[in-house]
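Written below as structure tokens is the structure these notes are about.
The values are calculated or read from the model by the stated rules, or taken from the named source; none is laboratory data. It should be emphasised that the depicted structure is a prediction, and the values quoted were computed from it without experimental measurement. Note that each Cβ is placed from the backbone with ideal geometry, even for glycine, and that neighbours are counted across all protein chains shown. Side chains are part of the model used for accessible areas, which takes the heavy atoms of the whole protein and leaves out ligands, DNA and RNA. Shrake-Rupley method; radii C 1.70, N 1.55, O 1.52, S 1.80 Å.
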Amino acid sequence: MEPTGMDYFCEQVQQKDVSRRMQVGQELLEYLGDPARSPDLEQDQQRLDKVIDELTAWVNSSNFKVR
């Protein structure tokens with residue numbers, strides 16, 4: 001699945017696989033770093049909040065690569 005918006009990231013950040021989390025993390029950084037790719041970011045506050053909540057769980061992860 002190609003990263004196309006917050007719907008994609010909202011679904012992907014819930015993955016438990018460490019290698020997938022690392023890939024999604026990089027994709028999310030690239031997405032957020034390019035305003036042309038993320039026009040829906042400000043319009044979809046609820047999905048953004050959900051993604052942030054999931055990322056907070058990543059910070060508490062026992063895997064240092066994810067953290």
Among the residues in region 22-29, are any out of contact with any Phe, Trp or Tyr (no Cβ under 6 Å at 6 or more places or on another chain), modelled with pLDDT of 85 or more and among the polar types (S, T, N, Q)? yes
Across region 21-53, the tally of residues that are in a helix (DSSP H, G or I) and either open to solvent by less than 50 Å² (accessible area, probe 1.4 Å) or touching a residue at least 60 places away in the same chain (Cβ under 8 Å) (or both) stands at 8
Considering residues of region 1-20 that are assigned to a loop (DSSP other than H, G, I, E, B) and modelled with pLDDT of 80 or more only, the residue surrounded by the fewest Cβ atoms within 10 Å (Cβ to Cβ): Lys16
